[in-house]
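Accompanying notes for the structure given below.
The values are calculated or read from the model by the stated rules, or taken from the named source; none is laboratory data. In this text, all values refer to a predicted model and were calculated from it rather than measured experimentally. Here the Cβ is made from the backbone with ideal geometry for all residues, glycine too, and neighbour counts use every protein chain on show.
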Amino acid sequence: MQLASYKINEHNQALLPAHERAFNYLSAEIPHAAHIMQQLTDFQVAIPSWALGTGGTRFGRFPGGGEPRSLEEKINDVGLLHQLNQSSGAISLHIPWDVPDNPAHIKAVAAQHGLRFDAMNSNTFQDQPGQALSYKFGSLQHVSKDVRKQAIEHNIAVIEQGIALGSDVLSVWLSDGSCFPGQLNFRQAFQNTLESLQEIYAALPDNWKIFVEYKAAEPNFYSTTVGDWGQSLLFANKLGPKAYSLVDLGHHLPNANIEQIVSLLLMEGKLGGFHFNDSKFGDDDLTVGSIKPYQLFLIFNELVEGMDARNMTHHTDLAWMIDASHNVKDPLEDLLQSVEAIMISYAQALLVDRKKLYAAQQANDVVTAQEVLQQAFRTDVRPLVAAARLQAGGALQPLALFRSEKIREQLIRERGSKVMATGL
Ligand code: PSV
Ligand code: MN
């Protein structure tokens with residue numbers, strides 16, 4: 001389904017007077033509001049194809065109904081989000097959860113919604129029906145050359161599928177590691193993984209990148225072969241200029257200073273992509289900004305500062321994606337909340353008075369440095385984010401419109417209440 005555009009107009013008209021009052025008040029305080037609005041409009045966050053259904057844990061899953069039954073319906077859902085917020089203009093596929101059997105058709109469906117294909121994700125962390133060899137003891141790190149070969153071939157097949165869709169990134173997350181001391185020879189696991197990644201790297205087209213995503217734990221609990229940004233950076237550096245690290249916010253040990261990691265990866269020119277989510281204990285995959293909004297702002301602060309220092313274009317030079325799961329919320333509502341949280345943090349980071357911050361740092365004026373950051377963080381930028389959305393043709397309040405139009409109810413009528421989308 002698609003929302004009739006007059007519905008968005010009606011919604012906006014009703015909210016316009018209150019919005020204009022709030023926007024005029026805020027923009028009077030911001031010297032470069034129009035420029036920030038353009039940056040917000042340009043900034044697009046990819047939606048993962050596996051986040052459109054209800055998530056779960058190993059203890060259970062409680063689907064809410066109306067989940068997409070096919071890749072076309074997943075694209076349709078992302079199209080709906082994009083219609084509402086004009087900031088979700090890309091979809092990222094996970095193979096083999098979402099194999100594009102007819103790429104030309106899938107590309108055309110996405111184009112109808114104004115969507116492009118973001119990074120392609122390979123999956124060598126699960127065994128698939130009919131698969132010859134098991135990944136129980138790893139994939140690219142495996143002690144057996146045959147298992148490694150199978151995993152390498154899968155990654156190359158994913159690149160080929162991505163080429164057909166117009167993607168230009170292969171994103172690799174490995175669950176490889178070990179559960180018990182002594183199980184692995186760490187150096188051998190690293191070398192095997194490196195050699196496997198080198199074979200995959202050799203199959204990348206000239207304009208493609210490969211992202212190496214790290215994760216501290218789970219499903220392996222004793223060691224992870226790409227366990228942190230140091231290991232990821234080692235792989236990226238050894239692979240070559242087309243290889244980058246990918247930061248997933250949920251993949252760090254408790255209290256890790258993610259903003260510092262981001263800053264240094266950018267300094268090295270090795271930050272490629274980002275998976276947004278929030279967490280309390282580990283890889284909880286919660287709604288972005290729901291637990292630690294100040295941390296999210298601090299990360300964006302480093303992203304903006306670090307990208308500007310390298311003259312990077314914010315919206316094109318890194319791959320921005322949500323990687324979340326929705327155990328108790330409607331997936332589409334959760335995604336709308338996540339995108340909104342990202343836009344708010346980005347807008348606040350754009351507000352930081354960089355000259356004043358730099359001067360405070362050089363003068364060891366810790367108090368002023370904190371004041372500068374918190375001045376931006378405590379500014380309610382929602383009217384600015386809404387104004388950018390309105391200008392781009394989206395809804396002033398996407399979540400409210402989603403509810404008042406009873407979109408989930410419509411999807412349940414169309415797809416049924418007992419359907420389950422593919423994914424984790
Ligand atoms: C692993 O936890 C991860 O963050 C990787 O990005 C996967 O591709 C994704 O989640 C889905 O399992
Ligand atoms: Mn991830």
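Restricting the first member to the range 275-289 and to residues that are away from ligand 2 (no atom under 15 Å from the Cβ), and the second to residues that are in a loop (DSSP other than H, G, I, E, B) and hydrophobic (A, V, I, L, M, F, W, C), the beta-carbon pairs closer than 6 Å and six or more apart or on different chains are K280/I291. Residues to consider are N12, N24; find the one that is surrounded by 13 or more Cβ atoms within 10 Å (Cβ to Cβ) and either at pLDDT 95 or above or assigned to a helix (DSSP H, G or I) (or both). Of N12, N24, the one residue that is surrounded by 13 or more Cβ atoms within 10 Å (Cβ to Cβ) and either at pLDDT 95 or above or assigned to a helix (DSSP H, G or I) (or both) is N12.
Filter the range 290-318 for residues that are in a loop (DSSP other than H, G, I, E, B) and more than 16 Å from ligand 2 (Cβ to nearest atom) and give the result. Answer for the range 290-318, where residues must be in a loop (DSSP other than H, G, I, E, B) and more than 16 Å from ligand 2 (Cβ to nearest atom): S290, I291, K292, R310, N311, M312, T313.
Across the range 254-274, the number of residues qualifying as within 16 Å of ligand 2 (Cβ to nearest atom) and more than 16 Å from V212 (Cα to Cα) comes to 2. The listed residues are V372, V367, and the only one of them that is surrounded by fewer than 19 Cβ atoms within 10 Å (Cβ to Cβ), on the phi < 0 side of the Ramachandran plot and more than 16 Å from ligand 1 (Cβ to nearest atom) turns out to be V367. State all residues of the range 313-322 that are away from ligand 1 (no atom under 16 Å from the Cβ) and either farther than 14 Å from Y346 by Cβ or among the charged types (D, E, K, R) (or both); if no residue qualifies, say none. Selection gives T316, D317.
Restricted to the range 162-176, and to residues there that are over 17 Å from S49 (Cα atoms) and within 16 Å of ligand 2 (Cβ to nearest atom), the residue that is surrounded by the most Cβ atoms within 10 Å (Cβ to Cβ) is D176.
Scanning the range 246-290 for residues that are hydrophobic (A, V, I, L, M, F, W, C) and away from ligand 1 (no atom under 15 Å from the Cβ), which turns out surrounded by the fewest Cβ atoms within 10 Å (Cβ to Cβ)? So the residue we want is M267. Within the option set A243, A203, being surrounded by 22 or more Cβ atoms within 10 Å (Cβ to Cβ) and more than 16 Å from ligand 2 (Cβ to nearest atom) holds for one residue only, A243.
None of I91, I75, I106 is surrounded by 21 or more Cβ atoms within 10 Å (Cβ to Cβ), under 23 Å from A347 (Cα atoms) and among the aliphatic types (A, V, I, L, M) except I91. Taking residues in the range 357-374 that are without any contact (Cβ under 8 Å) to a residue 60 or more places away in the chain, and partners anywhere that are outside any helix (DSSP H, G or I), the pairs with Cβ atoms closer than 8 Å and at least 6 places apart or on different chains are A359/D365; V372/V352; V372/D353. How many residues does the range 177-194 hold that are exposed (fewer than 15 other Cβ atoms within 10 Å of the Cβ) and closer than 19 Å to I152 by Cβ? Residues that pass the stated criteria total 2.
In the range 57-69, the residues that are within 13 Å of G423 (Cα to Cα) form Cβ pairs under 9 Å with partners that are modelled with pLDDT under 90 and in a strand (DSSP E or B), at six or more places apart or across chains, as follows: P63/G56.
Of all the criteria given as (1) closer than 18 Å to H326 by Cα; (2) surrounded by 23 or more Cβ atoms within 10 Å (Cβ to Cβ), the one not satisfied by G65 is (2).
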